[in-house]
Amino acid sequence: SRMGANPLGFSDTIVRLTAVHFHYAGFALPLVAGLVAIRSGRSWRIPLATIVGVPLTAIGITTGGLLEWVAATIMAGAGVAVAVIMIRHANDIAGWPRQLLRVAGVTLLGGMTMALLYSWSNGLAVAGVENLNGPTIDLMVRTHGTLNAFGFGLLALVALTAEQPPADAGTQAAFYLGRPSTKTLSKLRAVAAESEPLIRPGLLHREMPKG
């Protein structure tokens, strides 16, 4: 964009917006989806859908037509699903991270709803339907882009970084970004002290079977 290059004939605006867009759709969204799925014990299918949707969207934008509409719909649908599991996971955590994650989930839901409206209005226009008043690219930049950058990306990553482990952390997997607090380490140490070892000492002395 800064060099004035127009790969594949795309305008400077599209090149610039694509670069910015995929920092959130291609990096922040799959990261948040994976973290929430791990911590809440939910299926890996939603994070996988966000990962698959990124190159599919890129291919759709390049080829245009029906594939662009289908790819955008899949990507936006995956984003809506991530928003839902974020809001549900917020109910399982405590303190101010709960509120941040709720706001991030609702914001993502709004941003992805706009993306669906934009893709469907463009898809119907390609199909020959006229007089559609869907969101314009300028409106998407000012609303969809701002919602995803600040309302979703920033708040979700802050909330997930600050999230404390649940009371029954011994029965769940935990994944943390950054250095854990002293309080978190104390909780994990207490759980580890009460848990049964994964490998019993007697197993280490058994002779391995031959062959």
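Between A19 and T62, 0.36 nm times their residue separation minus their Cα-Cα distance comes to what?
Gain in length upon complete extension: 14.1 nm.
Got a sec to turn the phi values of the range 139-147 into Karplus ³J(HN,Hα) couplings, 6.51 cos²θ - 1.76 cosθ + 1.60 with θ = phi - 60°, whole Hz, x for Gly and Pro?
5, 5, 5, 6, 10, 4, x, 5, 4
By how many nm would the segment from L185 to F10 grow when fully extended, if each residue of separation counts as 0.36 nm and the alpha-carbon distance is taken off? Please report the intermediate quantities before stating the final value.
Values: separation 175, 0.36 × 175 = 63.00 nm, distance 5.11 nm.
Net length gain for the segment: 57.9 nm.
Treat every Asp and Glu Cβ in the range 18-120 as -1 and every Lys and Arg Cβ as +1, leave all other atoms uncharged, and give the resulting dipole magnitude about the Cα centre to the nearest 20 debye. Before the final figure, lay out each step's value.
Values: 6 positive and 2 negative charges, 73 e Å.
Roughly 360 debye for the range 18-120.
Using the per-residue mean of other Cβ atoms lying within 10 Å as a proxy for protection, in what order, highest first, do the peptides 157-163, 14-20 fall? Could you put the intermediate results ahead of the total?
Numbers: 157-163: 19.4, 14-20: 15.0.
Ranked from most to least packed, the peptides come out as 157-163, 14-20.
What relative contact order, as a whole-number percentage, does the range 9-122 give when Cα pairs under 8 Å and 6 or more residues apart are counted?
Value for the range 9-122: 22 percent.
At R0 = 30 Å, how high is the FRET efficiency between F27 and A193 if r is their beta carbon distance? Nearest 0.05 is fine. Don't skip to the end; give the middle numbers.
On the way: r = 38 Å, r/R0 = 1.26.
In this case the efficiency is close to 0.20.
Probe radius 1.4 Å, ligands and nucleic acids left out: which of V82, V52 has the largest accessible area, and how do the rest follow?
V52, V82
Using amide H atoms built in the peptide plane, which far-off residues or other-chain residues are under 5 Å from R42 H to H?
Close amide H contacts, sequence-distant or interchain: none at all.
Arrange the residues W120, W96, W69 by how much accessible surface each exposes, largest first, with a 1.4 angstrom probe.
Ranking W120, W96, W69 by accessible area, largest first, yields W96, W120, W69.
I'd like the accessible area for F150, computed on protein heavy atoms only with a 1.4 Å probe and all protein chains in place. Round to 10 Å², please.
130 Å²
The values are calculated or read from the model by the stated rules, or taken from the named source; none is laboratory data. Note that the structure is a prediction, hence the values are computed from the model and not measured. Every residue, glycine as well, gets a Cβ built from its backbone with ideal geometry; the counts of neighbours run over all protein chains shown. Areas reflect the complete protein model, heavy atoms only, side chains present, ligands, DNA and RNA absent. Shrake-Rupley method; radii C 1.70, N 1.55, O 1.52, S 1.80 Å.
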